[in-house]
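See below for the structure under consideration.
The values are calculated or read from the model by the stated rules, or taken from the named source; none is laboratory data. Just so it is clear, the structure is predicted and the values come from calculations on it, not from any experiment. Here Cβ is always computed from backbone atoms with ideal geometry, including for glycine, and neighbour counts include all displayed protein chains. When the accessible area is computed, the model is the full protein with side chains, heavy atoms only, and any ligands, DNA or RNA have been set aside. Shrake-Rupley method; radii C 1.70, N 1.55, O 1.52, S 1.80 Å.
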Amino acid sequence: MLLADIAETSDAVASTPSRTAKIEALAACLRRASGEEIAVAVAFLSGTVPGGSTGIGWAALRDVPPAAPPPPTLGLLDTANALEAIRELAGRGSRTARADSLAALFGRATEPEHRFLRGLLSGEIRQGALEGVMVEAVARAAGVTSAEVRRAAMLSGDLGVAATAALTEGTDGLGRFGLTPMRPIQPMLAQTAEDIADALARISLASVEWKLDGARIQVHRLGDEVRVFTRNLADVTSRVPEVVAAVRGLPFEALVLDGEAIALRPDERPYAFQVSMSRFGTRIGSGGDVPLSCFFFDILHVDGVDVLDEPLAERAAMLARLPAEIRVPSIVTADVAEAEAFLDDALAREHEGVMVKGLDAPYEAGRRGAGWLKVKRAHALDLVVLAAEWGHGRRRGWLSNLHLGAREPSSGGFVMLGKTFKGMTDEMLAWQTERLQQLETSRDAYTVYVRPELVVEVAFDGLQRSPRYPGGLALRFARIKGYRPDKRPDEADTIQTVRALEAKRAAPPT
């Protein structure tokens, strides 16, 4: 397969607003791929490079040679191998070698391939081929169900691996995927409920649990070996010895646990989120010497048996075998008043709020399942930084006023909801000034525009109608609670979530 096939498909997908048409175009392309090409095609068409960032920025892309004349000759695997070789360059002379290798790659690319490569390497592929669409396309191409593909992608942690199995082996290949201790899977995520009454109206009898503002962790144990992974599946075992010790001391041979690591004060109240995250290698905040406590709220594997497909009620019974001091406090109730009192208690202890979970819900790894709802009293959204304006006065020289956007799943882009410079410490301002310039795509006299890669948690007092912004809504009195390095841009809140909050607020009483 040629890179030109991918570029042509990307253009076709970007040019149609129809989800069905996008799926069919992607499926037609994937049917033409074979062997090693499949995983690369899935990654490229999803706007990502296999293996992660290549370290190639806008500055390097400005110096590439002009496009080659047709016909196209650049192979898909040739492209992937070239980018992998560039990623691995390091040490003395690597900058020159990277520039030479990049020039050689672009020198072989025709004009459509040039455009596609620029978009791919700059993170600007915005064609609406997000993972949900790609899962459907893989299923269509392979003649299997999307549920089978989604489960295999979940358990393998890689849609490209699942796609290769689907297209080469069909249902039999997909059925071989299982949860393997020491190989992390994407965590299940929660939807948002307006309040306790809304949550229990949607779920009824539920497990109501404290929502801790810590770092999400997935802990795997096999014999005496324990490994700890972050929300983004990074291995942080060496940084959290107290978590390792707590799980190693449990009376099991094999475990996979889902939970939170959090820094607590002597009075058991939590430190700020940044203090907990400082133990995971971020440069935001301080407190790297503060010990962490671990609390678990789910169990996915026990002594050789996968249990993530079991209802929460059964998983909770298994989790109850853990000591109470490392379990997230919870109650089972359908009573709004009882759940409200439990929420009040969590907030009084300075936790974020509560999770309301259906007792019949399986663990939907990698999905924002309807069986999990988060409830907070204060409004808060996870938004993406789109740009930042230079500050004035004592903030002169710092990028201060952040442009904030919600995710638009249908286009793969982001919808701006407003700006804020509030809630930032000097340390945060210094960090974001450096980091945002690394993500710069363009600038004018006042503003630096950036690749949408950084997620921030934003507190706000409400929403208001606004013709200034394309989504028609703006945040009122927004303030930054903190950066969320544990979250990817595709995990940010959507414009649909924001509109639902506004619709509920604006709805007349019944």
Original post:
Can you pull the Kirkwood radius for region 293-428, inverse mean 1/r over Cα pairs, to one decimal in Å?
Top reply: 18.7
**OP:** Collect residues whose amide H, placed 1.01 Å from N in the peptide plane, falls under 5 Å from the amide H of Asp213; neighbours closer than 5 in sequence don't count.
**Re:** Glu352
Original post:
Where Rh is the Kirkwood radius over the Cα pairs of the chain, the temperature 10 °C and the viscosity 1.306 mPa s, what D in µm²/s does Stokes-Einstein return?
Top reply: 65
Original post:
What does the helix-only formula give at 222 nm for the chain: each DSSP H stretch with n ≥ 4 adding -39500 (n - 2.57), the total divided by the residues, and the result rounded to the nearest 500 deg cm²/dmol?
Top reply: -11000 deg cm²/dmol
**OP:** For region 381-427, just list the percent of Cα-Cα distances falling in each 5 Å bin from zero outward, please.
**Re:** 5, 20, 26, 20, 12, 9, 4, 2, 0
**OP:** Would you mind computing the Rg to Rh ratio of region 339-494 from its alpha-carbon coordinates, Kirkwood style for Rh?
**Re:** 1.01
Original post:
Amide H neighbours of Phe414 under 5 Å, counting only residues 5+ apart in sequence or on other chains, H built in-plane at 1.01 Å?
Top reply: Glu408
**OP:** Over region 38-133, give the accessible area per residue in Å² for a 1.4 Å probe, as an integer.
**Re:** 48
**OP:** Kindly state, as a whole number, the per residue volume in cubic angstrom of the convex hull around the alpha carbon atoms of region 210-260.
**Re:** 81
Subject >> Rg(Cα)/(2.2 N^0.38 Å) for region 94-166, N = residue count >> reply: 1.47
**OP:** May I ask you to derive the FRET efficiency for Ala348 and Ser146 from their Cβ-Cβ distance with R0 = 56 Å, giving the value to the nearest 0.05?
**Re:** 0.80
**OP:** Roll a 1.4 Å probe over the protein chains and send me the accessible area per residue for region 304-409 in Å².
**Re:** 42
Subject >> Over region 1-139: Kirkwood hydrodynamic radius from C-alpha pairwise inverse distances, Å >> reply: 15.3
Original post:
Convex hull over the Cα atoms of region 8-63, averaged projected area in nm²?
Top reply: 5.0
Subject >> Only Lys, Arg (+1) and Asp, Glu (-1) charged, at Cβ; region 161-259 dipole about Cα centre in debye >> reply: 220
**OP:** Have a look at Pro50, Gly75, Ser122 and report the one farthest towards the positive end of the charge dipole of region 47-162, computed about the Cα centre with Cβ charges (Lys/Arg +1, Asp/Glu -1).
**Re:** Ser122
Original post:
Given charges of +1 on the Cβ of Lys and Arg and -1 on the Cβ of Asp and Glu, with all other atoms neutral, how large is the dipole of the chain about its Cα centre, in debye to the nearest 20?
Top reply: 1600
Subject >> Protein accessible area in region 49-182, 1.4 Å probe - carbon and sulfur % >> reply: 53
**OP:** Give the angle, between 0 and 90 degrees and rounded to the nearest 10, that separates the Cα long axis of helix 19-32 from the longest principal axis of the Cα atoms of the chain.
**Re:** 60
Subject >> Where trypsin sites (Lys or Arg not before Pro) in DSSP loops with at most 16 other Cβ within 10 Å are excluded, longest remaining stretch of the chain >> reply: 177-282
**OP:** Quick one, can you get me the convex hull of the C-alpha atoms of region 55-198 expressed as volume per residue in Å³?
**Re:** 200
Subject >> region 187-233 versus region 143-178: alpha-carbon centroid distance in Å >> reply: 25
Subject >> Separation between Cα centres of region 1-73 and region 431-510, rounded to whole Å >> reply: 29
Original post:
How many percent of the alpha carbon pairs in region 186-331 exceed a separation of 25 Å?
Top reply: 30
Subject >> Charge dipole of the chain about the Cα centre (unit charges at C-beta), most positive-ward option of Ala245, Gly93, Ala348 >> reply: Gly93
Original post:
Averaged over all directions, how much area does the convex hull of the C-alpha atoms of region 275-358 cover when projected, in nm²?
Top reply: 7.6
Subject >> Farthest positive-ward along the chain dipole, Cα basis, beta-carbon charges - from Gly143, Ile331, Ala7 >> reply: Ala7
Original post:
Using +1 on the beta carbon of Lys and Arg, -1 on that of Asp and Glu, and nothing else charged, what's the dipole of region 271-357 about the Cα centre, debye to 20?
Top reply: 440
Subject >> Whole-angstrom Cα spans of region 419-490 along principal axes, big to small >> reply: 33, 26, 26
Original post:
Round to a whole number: what % of the accessible area of region 336-483 belongs to carbon and sulfur, probe 1.4 Å?
Top reply: 51
Subject >> Ellipsoid equivalent to region 136-248 - semi-axes via the Cα gyration tensor, in Å >> reply: 30, 25, 11
